[in-house]
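Remarks on the structure that follows.
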Amino acid sequence: MSEDAFIVSPTRKHTGTIIFLHGLGENGENWKLVLSKMVKPNVKVICLNAKKIPLTLNKGFPTAAWFDLASLDENKLEDETSIMRAVENLHDIIDEEIASSKVSATKTMLAGFSQGGALAMYAALTYHKRLAAVMVMSSWPVLRHTMPEVSTAAINNTNTPMLQCHGTEDPVIYYKWGLILADALKEMNPKHEFKSYEGLKHAVNDQELQDVKTFINKIFP
């Protein structure tokens, strides 16, 4: 996994894991630096790297992405095959990490930014074991045209602590998309928390990072 991820190794007995998925066109390196300053010494952080694929949104140009994306227009259909392949792959990665580290699913947090967060949330809801928590930033509900049925797709983690963060002035993943995701999650999960950041665009700020750190250390004290 080391070739496909930037990893923060625990310096004490490993008792918790965060698996983090970056945004479109990124890799995990910057997020490794950010998250390494937040976690306790017993927590392992795995910042996965997406492979470059011919991205329809970029006219087929190879771009680091978790699944193909044709448009950010909410009325356009999504590539369900590509998304579900990515979900299954992430489920396999979680299973492999649990098997190799012997740190259980209930001590594993799934997290991500933008496209990575969108995939992390859907993968958490359809994962076959209960996770420690889910944390997403600037994300949207994937397969949103079937979102009313997501409660039937959600086979697990509907009572798992979730933190969702979004900037009110996001010009890429519009704030309203964050609200649509938040409304769906609130209906199915009483432990879902939504935080908005006035004036923030498609990025993070100090307050959001502090909120993320507080959430992480609440899950992994």
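The values are calculated or read from the model by the stated rules, or taken from the named source; none is laboratory data. Everything numeric here is computed off the predicted structure, so don't read it as measured data. Glycine gets a Cβ as well: all are built from the backbone with ideal geometry, and neighbour counts include every protein chain shown. Keep in mind that these areas ignore ligands, DNA and RNA; they rest on the heavy atoms of the full protein, side chains included. Shrake-Rupley method; radii C 1.70, N 1.55, O 1.52, S 1.80 Å.
Considering region 12-34, the residues that are touching a residue at least 60 places away in the same chain (Cβ under 8 Å) and among the hydrophobic types (A, V, I, L, M, F, W, C) include one that is nearest to residue 67 (Cα to Cα), namely 24.
Among the residues of region 115-131, what is the count of those that are open to solvent by less than 10 Å² (accessible area, probe 1.4 Å) and outside any helix (DSSP H, G or I)? Quick ask: steps written out before the conclusion?
First, the residues of region 115-131 that are open to solvent by less than 10 Å² (accessible area, probe 1.4 Å): 115-121, 123-125, 127, 131.
Keeping just the survivors that are outside any helix (DSSP H, G or I) gives 127, 131.
Qualifying residue count, region 115-131: 2.
Quick check on residue 214: is it closer than 26 Å to residue 41 by Cα, hydroxyl-bearing (Ser, Thr, Tyr) and crowded, with 19+ Cβ neighbours inside 10 Å? For residue 214, the condition - closer than 26 Å to residue 41 by Cα, hydroxyl-bearing (Ser, Thr, Tyr) and crowded, with 19+ Cβ neighbours inside 10 Å - is not met.
Check region 82-90 and report whether any residue there is in contact with a Pro (Cβ under 9 Å, 6 or more places away or on another chain) and surrounded by fewer than 16 Cβ atoms within 10 Å (Cβ to Cβ). Scanning region 82-90, I find no residue that is in contact with a Pro (Cβ under 9 Å, 6 or more places away or on another chain) and surrounded by fewer than 16 Cβ atoms within 10 Å (Cβ to Cβ), so the answer is no.
Only residues that are in contact with a Cys (Cβ under 6 Å, 6 or more places away or on another chain) and in a helix (DSSP H, G or I): list them for region 180-217, please. It would help to see each step written out before you state the result.
First, the residues of region 180-217 that are in contact with a Cys (Cβ under 6 Å, 6 or more places away or on another chain): 195, 208.
208, the sole residue that qualifies.
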